[in-house]
Amino acid sequence: MRKKGVLLVNLGTPDSAEVKDVKKYLDQFLMDERVIDIPKFNRTLLVKGIIVPFRSPKTSKLYKEIWDENGSPLLHYSKIQAKLLQEKLGDEYQVELAMRYQNPAIESALNKLKAGLVESIRVIPMFPQYASASTGSVMQLVMELVSKWQTIPPISLVNSFHDNRLMIEVFAENARKHQPETYDHVLFSFHGLPERQLLKCDHTGDYCLKKDECCETLNNTNKFCYSAQGHDTARLLANELGIPKEKYTVCFQSRLGKEPWVQPYTTDVLKKLAAEGKKRLLVFSPAFVADCLETLYEITVEYHEEFRELGGEHVQLVESLNDHPKFIEALAELALN
Ligand SMILES: C=CC1=C(C)c2cc3[nH]c(cc4nc(cc5[nH]c(cc1n2)c(C)c5CCC(=O)O)C(CCC(=O)O)=C4C)c(C)c3C=C
Ligand SMILES: [Fe+2]
Ligand SMILES: [Fe+2]
């Protein structure tokens, strides 16, 4: 009997925290036309001439802060997720893990599925909210690679799972360990995205960032909008935990460059909350399914220090989905549908 193929794809991480590997990673990542979506000539000058040489030493230092005996947390948890999913789905399935950038490469994972003579392939980009720069990029590369095969099996791609019931339950469960009611305010801090990329997703050209609070409700016009899907995730989590609207803020971190990114920026929100006298913040990072540089360093170290310097006391990260059995169940559901 032929097996069904499942391909989990996360963003990717450098092969090591050393500058040379960080350079390779940033080069491949930021030269992606869906990530830095400007003409190729300008992108090459910007990425190879400025960002990679100047940013890599700094990024390498940050990676060294989170790198442990298991290597990169993102890759470590992704491997565990793939292994647990294989165990859960059993022998009728062949589960492979890939990273969009660096290793394990999508091409080699797809070749393993091809060698396994799978009867179908289900691709799960590991991003709860759809963005062209993450999910879209994974989809494009998978389709490009498979399009060259002689026999193309039935293939299906998960677009997003921002409202996945089990995922919401796991984040809520992880938050309850910290007693959310004891915090002054809750942040749902998503990875940022250039505003330009949000606008490109608006097929009407007249909705996103043109109407007030455009992303705050999810509707037929903005159903694939990263920000609108993020607000939906936050709303579901707040409902699940009984957090009233005035006690939480949706915000966006990790801005790169000088152009406007989706707002409000997490650092501005920290300043506002500190000025209002808030002392203890609970921070969710629901754009990621595993702890990574953005959760373990940017939130846990940088934002914590920044908030304390502003007069606050504590910034507490809600652990990511990582190896939680209920998240593996969520992945199994996504694989089966
Ligand atoms: C939610 C998924 C992600 C989107 C969308 C995304 C967009 C995006 N990212 C950059 C630039 C950088 N991101 C970096 C790290 C990073 N990004 C994501 C996910 C998304 N990025 C993850 C999971 C990580 C961490 C990986 C890890 O190994 O832990 C970095 C590298 C770190 C740094 O130098 O700051 C950059 C750069 C852009 C420009 C962008 C959208 C256009
Ligand atoms: Fe990123
Ligand atoms: Fe919008």
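The values are calculated or read from the model by the stated rules, or taken from the named source; none is laboratory data. As the structure is a prediction and not an experimental result, all values here were calculated from the model. Here Cβ is always computed from backbone atoms with ideal geometry, including for glycine, and neighbour counts include all displayed protein chains.
So, in the stretch 215-247, of the ones that are among the polar types (S, T, N, Q) and closer than 27 Å to THR182 by Cα, which residue ends up farthest from ligand 2 (Cβ to nearest atom)?
Taking the stretch 215-247 as the starting set, the residues that turn out to be among the polar types (S, T, N, Q) are 217, 219-222, 227, 229, 233, 239.
With closer than 27 Å to THR182 by Cα added as a condition, the list becomes 233, 239.
Details: THR233: 17, ASN239: 28 Å.
Per the stated criteria, the residue is ASN239.
For the stretch 175-184: of the residues being within 16 Å of PRO286 (Cβ to Cβ) and in contact with a strand residue (DSSP E or B) (Cβ under 8 Å, 6 or more places away or on another chain), which is surrounded by the fewest Cβ atoms within 10 Å (Cβ to Cβ)?
Within the stretch 175-184, the match that is surrounded by the fewest Cβ atoms within 10 Å (Cβ to Cβ) is HIS178.
Out of all the residues in the stretch 89-116, which are in a loop (DSSP other than H, G, I, E, B) and in contact with a strand residue (DSSP E or B) (Cβ under 9 Å, 6 or more places away or on another chain)?
Within the stretch 89-116, GLU92, GLN102, ASN103, PRO104, GLY116 qualify.
Here is a list of conditions, (1) within 11 Å of ligand 3 (Cβ to nearest atom); (2) in a strand (DSSP E or B); (3) among the aliphatic types (A, V, I, L, M), and VAL186 meets all of them except one; can you say which number that is?
Failing condition for VAL186: (1).
Looking at LEU270, LEU282, LEU293, which one is surrounded by 15 or more Cβ atoms within 10 Å (Cβ to Cβ) and farther than 22 Å from LEU237 by Cα?
On the way: LEU270 fails: farther than 22 Å from LEU237 by Cα; LEU282 fails: farther than 22 Å from LEU237 by Cα.
Going through LEU270, LEU282, LEU293 in turn, the sole match is LEU293.
Among the residues of the stretch 171-191, is any within 30 Å of ALA115 (Cα to Cα), touching a Gly at 6+ places or on another chain (Cβ under 8 Å) and either among the aliphatic types (A, V, I, L, M) or touching a residue at least 24 places away in the same chain (Cβ under 8 Å) (or both)? Walk me through how you get there before you give the answer.
Keep residues of the stretch 171-191 that are within 30 Å of ALA115 (Cα to Cα), which gives none.
Looking for residues that are within 30 Å of ALA115 (Cα to Cα), touching a Gly at 6+ places or on another chain (Cβ under 8 Å) and either among the aliphatic types (A, V, I, L, M) or touching a residue at least 24 places away in the same chain (Cβ under 8 Å) (or both), one finds none in the stretch 171-191, hence no.
Residues ASP68, ASP91: which one is under 15 Å from CYS292 (Cα atoms) and surrounded by fewer than 18 Cβ atoms within 10 Å (Cβ to Cβ)?
Criteria check complete, one pass: ASP68.
If we scan the stretch 245-253, do we find a residue that is closer than 17 Å to ARG280 by Cα, of a type in the set (A, V, I, L, M) and in contact with a Leu (Cβ under 9 Å, 6 or more places away or on another chain)?
Scanning the stretch 245-253 turns up at least one residue that is closer than 17 Å to ARG280 by Cα, of a type in the set (A, V, I, L, M) and in contact with a Leu (Cβ under 9 Å, 6 or more places away or on another chain).
Assess whether LYS20 counts as being within 16 Å of ligand 2 (Cβ to nearest atom) and exposed (fewer than 14 other Cβ atoms within 10 Å of the Cβ).
No: the conditions fail for LYS20.
Taking interchain pairs and intrachain pairs at least six residues apart, which have beta carbon atoms under 6 angstrom, with the first residue in the stretch 24-41 and outside the structural domain of PRO57 (by TED's automatic domain parsing) and the second more than 11 Å from ligand 1 (Cβ to nearest atom) and of a type in the set (Gly, Ala, Ser)?
none
ARG55 - would you say it is within 16 Å of ligand 2 (Cβ to nearest atom), surrounded by fewer than 18 Cβ atoms within 10 Å (Cβ to Cβ) and more than 17 Å from the chain's Cα centre (by Cα)?
Yes: the conditions hold for ARG55.
Could you tell me whether the stretch 162-174 includes any residue that is away from ligand 1 (no atom under 16 Å from the Cβ), among the polar types (S, T, N, Q) and surrounded by fewer than 15 Cβ atoms within 10 Å (Cβ to Cβ)?
No, there is no match, as no residue in the stretch 162-174 is away from ligand 1 (no atom under 16 Å from the Cβ), among the polar types (S, T, N, Q) and surrounded by fewer than 15 Cβ atoms within 10 Å (Cβ to Cβ).
Residue-by-condition table, conditions (1) of a type in the set (A, V, I, L, M); (2) over 16 Å from the mean Cα position of the chain (by Cα):
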residue: GLN81; (1), (2): no, no
residue: GLN86; (1), (2): no, yes
residue: PRO104; (1), (2): no, yes
residue: GLU107; (1), (2): no, yes
residue: LEU110; (1), (2): yes, yes
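Given the options ASP37, ASP15, ASP21, name the one that is at negative phi, of a type in the set (Asp, Glu), touching a Pro at 6+ places or on another chain (Cβ under 9 Å) and not in a helix (DSSP H, G or I).
ASP37
Inside the stretch 196-224, can you point out the residues that are free of Cβ contacts under 8 Å to residues at least 40 places away in the same chain, within 24 Å of PRO39 (Cα to Cα) and surrounded by 21 or more Cβ atoms within 10 Å (Cβ to Cβ)?
Correct list: CYS208 only.
Give the number of residues within the stretch 120-154 that are in contact (Cβ under 8 Å) with a residue 60 or more places away in the chain and either within 15 Å of the chain's Cα centre (by Cα) or outside the structural domain of SER78 (by TED's automatic domain parsing) (or both). Before you say what the answer is, go through the steps one by one.
Just the residues of the stretch 120-154 that are in contact (Cβ under 8 Å) with a residue 60 or more places away in the chain, to begin with: 120-134, 136-138, 140, 142, 153.
Now restrict to residues that are either within 15 Å of the chain's Cα centre (by Cα) or outside the structural domain of SER78 (by TED's automatic domain parsing) (or both): 124-134, 136-138.
Residues that pass the stated criteria total 14.
The rows are residues; the columns are (1) of a type outside the set (Lys, Arg); (2) closer than 16 Å to ALA332 by Cα; (3) surrounded by 16 or more Cβ atoms within 10 Å (Cβ to Cβ).
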residue: LEU84; (1), (2), (3): yes, yes, yes
residue: ALA115; (1), (2), (3): yes, no, no
residue: SER120; (1), (2), (3): yes, yes, no
residue: ALA131; (1), (2), (3): yes, no, yes
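Out of everything in the stretch 228-265 that is in contact with an Asp or Glu (Cβ under 9 Å, 6 or more places away or on another chain) and within 11 Å of ligand 1 (Cβ to nearest atom), what residue ends up being nearest to LEU293 (Cα to Cα)?
SER254
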